[in-house]
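A short worksheet on the structure shown next.
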Amino acid sequence: LWSRYRTLFVTVSVLAGAAAVLLAACNGPFISLWTQGRFAWPARNDVLLGLWLVVLTEQCCHNSLIICLKQIGWLKYAYILEGLLFAGVSLALLPVAGMTGMLVCSVLATFLFTWLAGTWRVAALLGGRLRPLLWEMHLPLWRVLGLLVPCALAVTWALRNAPDWLRFGLGGGTLGLVAAWALARFALPRALIAELITKLPAPLQRPVLLASR
């Protein structure tokens, strides 16, 4: 069970990290195209949404395991406290800090309550060992972010004066290809890649295997 859970956590964590970078880089031009330029917000909000996506994904993974094992305990109170903190502080911050303040509050509330609670409870299942959860299982995520974040900054700078459709299409396509390669090469567990390759059509198995080496 632990081996499969470790694989699952690493996989969803790195996928969330790649999606977070794509969201931070492409959400602005996408919204501009979708609303025909009638709506825009600061790029920092997209970065905060990406960060929240990673924290929420990891929190959901940990807490889903606890719920499946029917060892909820005081975890339910963490959800209640998170909701109360988010609602109360956000209402106070909105007039002063606007949407950015609300997003900061959301990230911090999720991290301080349900993310920490889930991490602590899963660590208890491992005999109180936090290192595998906080370090070893996060190394693939740091590798992906270490590659994708500089690429996203470079693409954003290179296309800063380009039309929205080009920023979204070319920028998103470039980052998507780099993300797919990085996930297959550096992040996803070898055992999972081997298992997934066996489920692909025969003509695709060899190319995917070579790309992941």
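Considering only Thr156, Thr114, Thr35, the Gaussian network model of the chain with Cα springs below 10 Å gives its largest mean-square fluctuation to Thr35. Rolling a 1.4 angstrom probe over the protein heavy atoms with all chains in place gives the chain an accessible area of 57 Å² per residue.
Working note: Karplus 6.51/-1.76/1.60 with θ = phi - 60° gives segment 95-102 the couplings x, 9, 9, x, 4, 4, x, 5 Hz, where Gly and Pro are set to x. A simple rule links phi to the HN-Hα coupling: the Karplus curve 6.51 cos²θ - 1.76 cosθ + 1.60 with θ = phi - 60°, which for segment 60-71 gives 5, 5, 4, 6, 5, 5, 4, 5, 4, 7, 6, 10 Hz, with x for Gly and Pro.
Roughly how many percent of the accessible protein surface of the chain is carbon and sulfur, given a 1.4 Å probe and a whole-percent answer? Before the final figure, lay out each step's value.
On the way: 8880 of 12140 Å².
So the carbon and sulfur contribution to the accessible surface is 73 percent.
Among Pro132, Pro163, Pro203, the largest mean-square fluctuation in a Gaussian network model of the chain (Cα springs under 10 Å) belongs to Pro203. Take the Cα of Ala154, step 7 Å toward its Cβ, do the same at Leu130, and the gap between the two points is 3.7 nm. Does segment 1-134 come out rounded, prolate or oblate, given a ≥ b ≥ c as the square roots of the eigenvalues of its C-alpha gyration tensor, rounded meaning a/c under 1.5 and, failing that, prolate meaning a/b above b/c? Oblate. Taking a ≥ b ≥ c as the square roots of the eigenvalues of the alpha-carbon gyration tensor, segment 69-141 is classed oblate because a/c is 1.5 or more while a/b is no larger than b/c. Computed 3J(HN,Hα) for segment 110-124, one whole-Hz value per residue from the Karplus formula 6.51 cos²θ - 1.76 cosθ + 1.60 where θ = phi - 60°, is 4, 5, 6, 10, 6, 5, 5, 5, x, 5, 5, 5, 5, 4, 4, glycine and proline marked x. With K and R counted +1 and D and E -1, the other residues having a Cβ less than 14 Å from that of Leu15 yield a net charge of 0.
Take every pair of alpha-carbon atoms less than 8 Å apart whose residues are at least six positions apart; their mean separation over the length of the chain yields a relative contact order of 29 percent. Each stretch of four or more DSSP H residues adds -39500 (n - 2.57); spread over every residue of the chain, this sum gives -25000 deg cm²/dmol at 222 nm.
The values are calculated or read from the model by the stated rules, or taken from the named source; none is laboratory data. Keep in mind that what you see is a predicted model, and the values were worked out from it rather than measured. Please note: Cβ atoms are built from the backbone with ideal geometry, for glycine as well, and neighbour counts cover all protein chains shown. Calculation scope for accessible area: heavy atoms of the full protein, side chains included, ligands and nucleic acids excluded. Shrake-Rupley method; radii C 1.70, N 1.55, O 1.52, S 1.80 Å.
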